Amino acid sequence: MRKLLLLLMVGLISVSTFAAEKIEISFLVGSTGHDVTAAQRAADMYMEKNPNVKVKVIAGPKNTTDILGLLLQNFEAKSADIDVFNGDVIWPGDLSEHCLSLNKYMTKDEIAAYNPGVILNNTSKGELKAIPLFIDVPMLYYRTDLLKKYGYSNPPETWKEMEEMAKKIQDGEREAGNRDFCGFVWQGDAYEGLTCDALEWIASNDGGTIVEPDGKVSIANANAIEALDSASKWPGTISPKGVLGFNEEASRAVWQAGNAAFMRNWPYAYALGEADDSVIKGKFDFTTLPKGKGKSSCSIGGWEIFVSKYTDVPEEAVKFAKFAAGYEVQKMRVIDYGWLPAYMSVYDDPDVAKNAFVKQMGPIVANGVARPSTVTAPNYAEVSRIFFTTVHKVISGEISAKRGAKEMAVKIKKMM
Ligand code: GLC
């Protein structure tokens, strides 16, 4: 009996020592659409293969500007609370000093498996700071049933056409009894999302990209002013006034309730709109964003996996990051949720190659335009803040587009 007890105790001790030895990795992700679900699936897949590791998924804020704020607080304290995190494509330059350099953990071939443009974007002073997870480019979502009902055979190609169609459909639907119906929803809150939307109006009107690749601050030009001025008329006409407080999920809520003719949003909204419980399932399609006097311009977004420099478990954290941005996970993410892979051979996977959504995204990706995050690093977040706060004043009707453009040019020049 005593022998049995002793054995049991030894067993218990070794089980608890083993449990205590589990390596914990905390993984911060955003909370837009399927973000947390997909991250948890990647974590579960990893833990199944690595029973000595516990990955804790932390659901961060929805809006990218707020996630950045949370991370900066964390870095300021040099805290090891976040080991690995999903970060925005615009951050590698700004956050470089707080993130592990990955070159010594990845072979040249491992790095070469990813989209070279994104690898370049994620490289700061010659060091790879993040592993590419997915490529994001926005689209114009439109209601096929309503376009047909109001006599349109094709989606709009210009912002002007979109305005006219949105107005006609909005008037008709409201008259038919849906008082909540609106023509166009987008991202008008004062945050990074508005930087993307406004850059698209401006670039597609041949108005440049705020700061050009050679460092020239170009925002105060006539085409940019014209584009901002046109968009400033949308809130309260074809868009609800509330759009001035909308992020991606707020616009999707209106769209997915069946209350908008058009929506500017990222690919993540597609699978959600096509879900079985969605009232717009089968009633919408998407195309490239409309244009002004230039060509359709879609802000290049995307998310990367970073490892914090303040982690206590760098080796294990990088190992997990590599898995979470690896082939298997990127394949799952595109097939089940519609996030475009940055791991290039995933596109050749027969299951992905035959995917109609991925095919339809091709021409839209080709219209991608980059935000000036590389040229302004490590101050991109500040440049963008000046831009989106001023644009927000313009679209709220507080100041004219002309005054806004001049004001931001002065502020951005001073800051750089
Ligand atoms: C999406 C994009 C990201 C962008 C953000 C703006 O998440 O992937 O790059 O900054 O939207 O809200």
> For ILE399, what charge total do you get from the other residues with a beta carbon under 14 Å from its beta carbon, if Lys and Arg give +1 and Asp and Glu give -1?
Replying inline: +2
>> Using the Cα centre of the range 131-220 as origin and beta-carbon charges of +1 (Lys, Arg) and -1 (Asp, Glu), tell me which of VAL185, LEU147, GLY208 is placed farthest towards the positive end of the dipole.
In response: LEU147
>> Nearest 5 percent is fine: what portion of the DSSP beta bridges confined to the chain is antiparallel?
In response: 60 percent
>> How big is the dipole moment of the range 202-355 about its Cα centre under a simple scheme where the beta carbon of each Lys and Arg is +1, that of each Asp and Glu is -1, and everything else is neutral? Debye, nearest 20, please.
In response: 560 debye
> Quick one: which of LYS293/LYS413; LYS22/LYS125; LYS281/LYS393 span more than 31 angstrom between C-alpha atoms?
Replying inline: LYS22/LYS125; LYS281/LYS393
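Which value, in Å³ per residue, describes the convex hull spanned by the Cα atoms of the range 64-120?
98 Å³
Stick to Cα atoms and the Kirkwood definition of Rh, then tell me Rg/Rh for the range 289-393.
1.05
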> With the contact rule set at Cα under 8 Å and sequence spacing of 6 or more, what percent relative contact order holds for the range 198-346?
Replying inline: 22 percent
>> Rounded, prolate or oblate for the range 180-325? Axes are the square roots of the Cα gyration tensor eigenvalues, ordered a ≥ b ≥ c, and the cut-off for rounded is a/c under 1.5.
In response: oblate
> Residues with amide H under 5 Å of ILE23's amide H, sequence separation 5 or more or different chain, H placed in the peptide plane at 1.01 Å from N; which?
Replying inline: VAL53, LYS54
>> Taking the beta-carbon count within 10 Å as an exposure proxy, list GLU175, GLU382, GLU248 from fewest neighbours to most.
In response: GLU175, GLU382, GLU248
>> 5 Å is the cut-off here: which amide hydrogens, built 1.01 Å from N in the peptide plane, fall below it relative to CYS99, excluding neighbours closer than 5 in sequence?
In response: LYS309
> Counting other C-beta atoms within 10 Å, which of ASP35, ASP88 has the fewest, and how do the rest follow?
Replying inline: ASP35, ASP88
> To the nearest 10 degrees, how steeply does helix 356-366 sit against the main Cα axis of the chain, on a 0 to 90 scale?
Replying inline: 70 degrees
>> Starting from 0.36 nm per residue, how many nanometres of slack lie between GLU24 and MET47 once their C-alpha separation is accounted for?
In response: 7.2 nm
> To the nearest 10 degrees, how steeply does helix 314-324 sit against the main Cα axis of the chain, on a 0 to 90 scale?
Replying inline: 50 degrees
>> Cut-off is 10 Å between beta-carbons; in what order do ILE225, ILE169 appear when sorted fewest neighbours first?
In response: ILE225, ILE169
> Which angle from 0 to 90°, rounded to the nearest 10, does the C-alpha axis of helix 159-175 make with the longest principal axis of the chain?
Replying inline: 90 degrees
> Pulled fully out, how much extra length does the chain show between LEU70 and GLU315, if you take 0.36 nm times their separation in residues and subtract their Cα-Cα distance?
Replying inline: 85.8 nm
>> How far apart, in nanometres, would the label points at THR374 and ALA77 be if each is projected 7 angstrom from Cα along the Cα-to-Cβ direction?
In response: 3.5 nm
> Of all the stretches in the chain, which is the longest one without any exposed loop site, taking trypsin sites (Lys or Arg not before Pro) in a DSSP loop (any state but H, G, I, E, B) with at most 11 other Cβ atoms within 10 Å?
Replying inline: 217-353
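Provide the gained length on full extension for the span ILE399 to GLU212, in nm with one decimal, where the gain is 0.36 nm per separating residue minus the Cα-Cα distance.
On the way: separation 187, 0.36 × 187 = 67.32 nm, distance 2.45 nm.
So the extension gain works out to 64.9 nm.
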> At a Förster radius of 35 Å, what calculated FRET efficiency corresponds to the Cβ-Cβ distance of VAL279 and ILE58, to the nearest 0.05?
Replying inline: 0.65
> Points 7 angstrom from Cα along the Cβ direction at THR237 and ASN154: gap in nanometres?
Replying inline: 2.4 nm
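All of the numbers you see were taken from the coordinates with simple rules; none came from a lab. Because the structure is a prediction, the values reported are computed rather than measured. All Cβ positions, glycine included, derive from the backbone under ideal geometry; neighbour counts span all protein chains shown.
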